[in-house]
Protein chains: 2
Amino acid sequence: MNNSQSADEFMPLRDMVYKSLRKEILTGRITPGDHLLELDISSKLGVSRTPVREALRMLELEGLVTMQPRRGARVSKITEKSMQDVLEVRESLDALCVELACTRITSQEKDELRKACEAFERAVATNDSRKIAEADVRFHDTLLRAAKNDRLVDIEENLSQSMYRFRFEYINEGNGHDNLVKEHRSIYESVINGDREKAASAARIHIENQRAAILSKINEKEQAPVNKKNNR
Amino acid sequence: MNNSQSADEFMPLRDMVYKSLRKEILTGRITPGDHLLELDISSKLGVSRTPVREALRMLELEGLVTMQPRRGARVSKITEKSMQDVLEVRESLDALCVELACTRITSQEKDELRKACEAFERAVATNDSRKIAEADVRFHDTLLRAAKNDRLVDIEENLSQSMYRFRFEYINEGNGHDNLVKEHRSIYESVINGDREKAASAARIHIENQRAAILSKINEKEQAPVNKKNNR
DNA sequence: ATATTGTTTTTTGTATACAAAATGCGTTAA
DNA sequence: TTAACGCATTTTGTATACAAAAAACAATAT
C-alpha cells in the first residue's frame, strides 16, 4: 500500500522496489548486516515477492546487498578496507574525469561549471550540510558530463553510492568547508584553462582530503562501542 | 533439459541461467541486438521463467543486456564509442593497478608474475591464439591480485567482459605478438623493481596499443557490409 | 495500393502455489 | 546443565497461473 517512491506511474514494480530499497539503504534507514526478508518487503510495499526478488538481484549486482544462497539477502557491510578500495579507484577516475573534461568541455558546459562552482560557494556560506552536499554533487556531475564518457559515468555513480553515507558525514565535519571551496575552485580553473596536469593533481588532492576526513570519521567511530543492530 | 553449464550441482538456477546466457553473449553465439525471449530461454534450459527473469536483471546491471519495459531484453550493442569509453577507463585503472602492485606485491606473487610472464612468452611462441589469450588473462589477473583492491578487481572484470570479443580478435592480429611480449616484460620488470612511474606508463602504452588494434579492427569491419543478424 | 481499425496471438508483468532447505524450539538423554 | 535429536515454522527457490500490454495480422474503407 505504502508507495514511498514518486515518479513512477508506469514504472515496473521491480524498479519501484529497487529504488525504494536503495534509498533506504543509502540513507541508512536499513543498516549494514540487516537481513532483507522478501515477505516483509513485499508486504510493506504491497507487492508480491516476484518484483522484490528481481530488485534484490539488481541490488546484489550493484554491491549494496550480499546474497547467500538459500539464506537470503543482507545489506552489505562497509569496512574500512572497502572504503579505502573505493577511494583509491575514485582518485584515479576523478583524475581521468577532469583530464578528459579539459579537452572536451564545451563553452556551454564551462558556463554550467562556473555556475555550479559559485552555487557551491554560496551553499558553503549557508552552512546547511544538505545544501552543501547537493551543490557538491552538482559540481561533480557537471564535470562528469563534460568528460563525455558514459562508462565513466556509470562507474563513478556506483562508487559514489558506496560513499553516500560517509559523504554526508565528512561534509558535516566542521573544519574543511573552506578547503573544499578552494579545491573546487582549483579544479574549476584548471579545467577552464585546459590544463590537464594541474586539473588531475587538483582532483587527486581533493579525493585525498576526503579520504583523510572519512578515515578519521571511521576511526572515531571504532573507538565508541558500535555494534548496535536493528534500528527499527 | 540441456544444461550446458558445469560446476553447478547446488547452484541456484538463476546463477546457472546467468552464467549460461553470459557465456553465449561473450562468445558471440548470441549477438548484439538479438531479442532475448524469456520463454525461449526457459524452455531451452529446461527451467521456468522465474530464474530466467532474475538472470536477465543481473545481466542488465552488468550492461550486457538492455531492457525496455514491457518490450523485453536485447543484447547490448557495442559501438565504437562505447569501446573507446571502456578503453579510456581501462587505461587509468590498469595504470592504477600496476602502481598499487609495485608497492603491495608479495615475494610469492612476484614469483607467480614471473611464471605468468614466461608462460605468456611460451604461448606466443606456439602461435595458438586461444592459448595466448589465456596466458594474457593470467598475467593481468596476477597483477590485479597483487594490487590488493577488491573494488578494482570487480570493475576491471566488468570492463574485460565488454572487451571479450575484441580481445580475441586483436590477439589474432598477425603483427603485434612480439610487441605484446615486450610490453608485458616491461610491466613485469617495473613492478618487480617497484618503479611505479615506469610501470604506469608501460601499462598505459600497453592499453594504447590495444586500442589501436581494436579500432583498426572495428574500422576494417565498418568497410564491409556488416549488419547480418541471427547466426543460428 | 495504402491507411486505418479491430481482432488474435505473443510476450511481459505480477501474483500465487508448492517444494525444499534453513531455522528455531522444545523435548529427551547423557 | 548441556548436547543432541526431532518436529514445527519460517524462508527461500522454483513453477505456474492469470492479467495486461505489445505485436502481428487481417479486413475494411478510402
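Looking only at region B:55-75, which residues are under 22 Å from A:L13 (Cβ atoms) and more than 10 Å from DNA strand C (Cβ to nearest atom)? Quick ask: steps written out before the conclusion?
First pass over region B:55-75, keeping only residues under 22 Å from A:L13 (Cβ atoms): B:55-62, B:65-74.
Within region B:55-75, B:A55, B:M58, B:L59, B:E60, B:L61, B:E62, B:V65, B:T66 qualify.
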Review point. Is there any pair with a first residue in region B:137-164 that is over 29 Å from B:R29 (Cα atoms) and a second that is of a type in the set (F, W, Y) and modelled with pLDDT under 95 whose Cβ atoms are under 9 Å apart and which are 6 or more apart or on different chains, and what are they?
Key: none
Revision key, fill the gap. Wholly inside region B:1-109, helices (runs of 4 or more DSSP H) that include 1 or more residues that are at the interface with chain A (Cβ under 8 Å from one of its Cβ atoms), farther than 30 Å from A:C97 by Cα and not aromatic (F, W, Y) are B:13-26, B:49-62
Revision key, fill the gap. Out of (1) of a type outside the set (G, A, S); (2) buried (at least 16 other Cβ atoms within 10 Å of the Cβ); (3) free of Cβ contacts under 8 Å to residues at least 24 places away in the same chain; (4) not assigned by TED's automatic domain parsing to the domain that holds A:V17, the one A:M67 does not meet is (4)
Exercise for review: Out of B:T142, B:T103, B:T66, report the one residue that is at pLDDT 95 or above and within 17 Å of the chain's Cα centre (by Cα).
Suggested key: B:T142
Review point. Between a first residue in region B:107-131 that is in the same structural domain as B:R185 (by TED's automatic domain parsing) and touching a residue at least 24 places away in the same chain (Cβ under 8 Å) and a second residue that is surrounded by 13 or more Cβ atoms within 10 Å (Cβ to Cβ) and assigned to a loop (DSSP other than H, G, I, E, B), which pairs have beta carbons less than 8 Å apart while being 6 or more apart in sequence or on different chains?
Key: B:L113/B:I105
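The values are calculated or read from the model by the stated rules, or taken from the named source; none is laboratory data. Not measured: the values here are computed from a predicted model. Using ideal geometry, Cβ is built from the backbone for each residue, glycine included, and neighbour counts are taken over all protein chains shown.
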